[in-house]
Amino acid sequence: MLYRCFADCSHHSHDHGLFGASSFNMPELADPSSEILSTSDSPQKVRRNADRQRVIDIHCHYLNPEVARKTIKLKTAAHDPSIVYANDLTRQTNVKQMADRASKLSDIGERIHEMDRMGVDMQVVSPAPFQYFYFTAPKLGASLAREVNEGIASIVAGNPERFAGFGSVPLQSVEHAIQELEHAVLDLGLRGVEINTQVNGLNLTDPALGLDPFFQRAQELKAAVFLHPIGFTHAQRLKDHYFNNVIGNPLETTLALSHIIFDGVLARYPKLRIIAPHGGGYLPHYWARMDHAWRARPDSRTIIKTRPSKYLEKVYFDTITFDPRMIRNLIDRFGAKQVLLGTDYPYDMGETNPLGLIASIPGIDALEHELLIGGNAERLLNLGLKKRAQKKQP
């Protein structure tokens, strides 16, 4: 992913420019309302047939440049575990990556060009994870989430054949979170929301947050909840080798999903549509251990009344695993209907050849292929699948 330095960074090689050290080094970004291009403006158009399954990427990010400018003084890096628990080489590498890739986060024309190159028909765009702002006062957090959401909605409105959207909600206040969820889904037409795996160091199920009404409302609205981490919160041992992303992000997802399962969220809201990125973290690949604990120990079954993996089977996972055999394991254990194509565009920890990865899954058949590349996303997110043209009978 693309990250920032500390708020007080003064490293001689870090030219923080417009956004200051509290944010990151990036060039002037385009106004999303003026840069939206139609498919016909794209240099390389994806060939589409009426009877072909659309390729839909459900994991890609957009940076709202105006929100980034407004929040320079908030010193957001001090609240970002991926920056706090990183060594200097990682910070320098991230600054360089930002200089190389920043425009891809907000320039819609460049984004469409890249989508066509990868063979992606539609992106479900979600906020850049460092634009959560959970550490702010609820009213400010709600205002920033509203601006992030309306920016994404404007991208979708400008090119609805190529984009759908996930919004943001201020989870530091359940009342404000529900209000913004309703605005994002009911007023702006977004397909769900992206949330962090924790709120200011608290688990999503912590009673102090009281987020059950939020999960209940998301279930009622049939809104997807895209559970996206931004580093591990207690990562004193993960500072080197970019471990707070390489290990920390899947670990955060694993911990968040485990609490959602064991604390009974999915038992209370069985139709809640949770998407766990990066292949779902570690839990989908080591689920039997938690089932064993639930059977063997009374302290592992204080709330849920059935095996934990039964609830994990309700979760959706993306394909960002970097190995087709891992996707095969997800399909075999949880079913092809639970797996969605994702790229993590435009970050360097993303997948640049998603169709090639899916095509190389051992033993993949035509139905599984169609579900993974877009069929599941159309169904889960109600993306308005148009009736495909019927083949003419001979």
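Residues in the range 151-167 that are without any contact (Cβ under 8 Å) to a residue 40 or more places away in the chain and buried (at least 19 other Cβ atoms within 10 Å of the Cβ): A153, V156. With the structure loaded, tell me whether D299 is surrounded by fewer than 13 Cβ atoms within 10 Å (Cβ to Cβ) and without any contact (Cβ under 8 Å) to a residue 40 or more places away in the chain or whether it fails that test. Considered against the rule, which asks whether it is surrounded by fewer than 13 Cβ atoms within 10 Å (Cβ to Cβ) and without any contact (Cβ under 8 Å) to a residue 40 or more places away in the chain, D299 comes out as yes.
Out of the residues in the range 177-202 that are closer than 20 Å to K314 by Cα and of a type in the set (S, T, N, Q), state the one that is nearest to the chain's Cα centre (by Cα). That would be N196. Set side by side, the residues A218, A224 differ, and just one is more than 21 Å from F130 (Cα to Cα) and touching a strand residue (DSSP E or B) at 6+ places or on another chain (Cβ under 6 Å), which is A218.
Being closer than 23 Å to S126 by Cβ, in a helix (DSSP H, G or I) and of a type in the set (V, I, T): is that true of I358 here? So I358 fits the description; yes.
Among the residues in the range 126-147, are any among the β-branched types (V, I, T) and either assigned to a helix (DSSP H, G or I) or within 20 Å of N382 (Cβ to Cβ) (or both)? Within the range 126-147, none of the residues are among the β-branched types (V, I, T) and either assigned to a helix (DSSP H, G or I) or within 20 Å of N382 (Cβ to Cβ) (or both).
May I ask you to list the residues in the range 32-62 that are surrounded by 14 or more Cβ atoms within 10 Å (Cβ to Cβ), modelled with pLDDT under 75 and of a type in the set (D, E)? The one that is surrounded by 14 or more Cβ atoms within 10 Å (Cβ to Cβ), modelled with pLDDT under 75 and of a type in the set (D, E): E35.
Let's see how each residue does on (1) in contact with a Gly (Cβ under 8 Å, 6 or more places away or on another chain); (2) at pLDDT 80 or above:
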site: P81; (1), (2): yes, no
site: Q92; (1), (2): no, yes
site: A99; (1), (2): no, no
site: I112; (1), (2): no, yes
site: R117; (1), (2): no, yes
site: V120; (1), (2): no, yes
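Being touching a residue at least 24 places away in the same chain (Cβ under 8 Å) and more than 30 Å from G356 (Cβ to Cβ) is the filter here; which residues of the range 307-326 pass it? The answer is P308, Y311. Scanning the range 139-192 for residues that are aliphatic (A, V, I, L, M) and either in contact with a Ser or Thr (Cβ under 6 Å, 6 or more places away or on another chain) or on the phi > 0 side of the Ramachandran plot (or both) yields A145, V148. So, Q123, is that one over 28 Å from S258 (Cβ atoms) and in a strand (DSSP E or B) or not? It is true that Q123 is over 28 Å from S258 (Cβ atoms) and in a strand (DSSP E or B). For residues in the range 327-358 being among the acidic types (D, E) and either free of Cβ contacts under 8 Å to residues at least 60 places away in the same chain or touching a Gly at 6+ places or on another chain (Cβ under 8 Å) (or both), which is nearest to A99 (Cα to Cα)? Within the range 327-358, the match that is nearest to A99 (Cα to Cα) is D344. For the list (1) touching a Pro at 6+ places or on another chain (Cβ under 7 Å); (2) in contact (Cβ under 8 Å) with a residue 60 or more places away in the chain; (3) buried (at least 23 other Cβ atoms within 10 Å of the Cβ); (4) of a type in the set (S, T, N, Q), I need the number of the one condition that T233 fails. Going through (1) touching a Pro at 6+ places or on another chain (Cβ under 7 Å); (2) in contact (Cβ under 8 Å) with a residue 60 or more places away in the chain; (3) buried (at least 23 other Cβ atoms within 10 Å of the Cβ); (4) of a type in the set (S, T, N, Q) one by one, T233 breaks only (3).
Checking each residue in the range 63-87 for being under 21 Å from the mean Cα position of the chain (by Cα) and surrounded by fewer than 16 Cβ atoms within 10 Å (Cβ to Cβ) picks out only E66.
Of everything in the range 259-292 that is among the small types (G, A, S) and closer than 20 Å to A224 by Cβ, the residue that is farthest from the chain's Cα centre (by Cα) is A267.
The values are calculated or read from the model by the stated rules, or taken from the named source; none is laboratory data. Everything numeric in this text was worked out from a predicted model, so none of it was measured. Cβ sites come from the backbone with ideal geometry, for glycine too, and all protein chains shown count toward neighbours.
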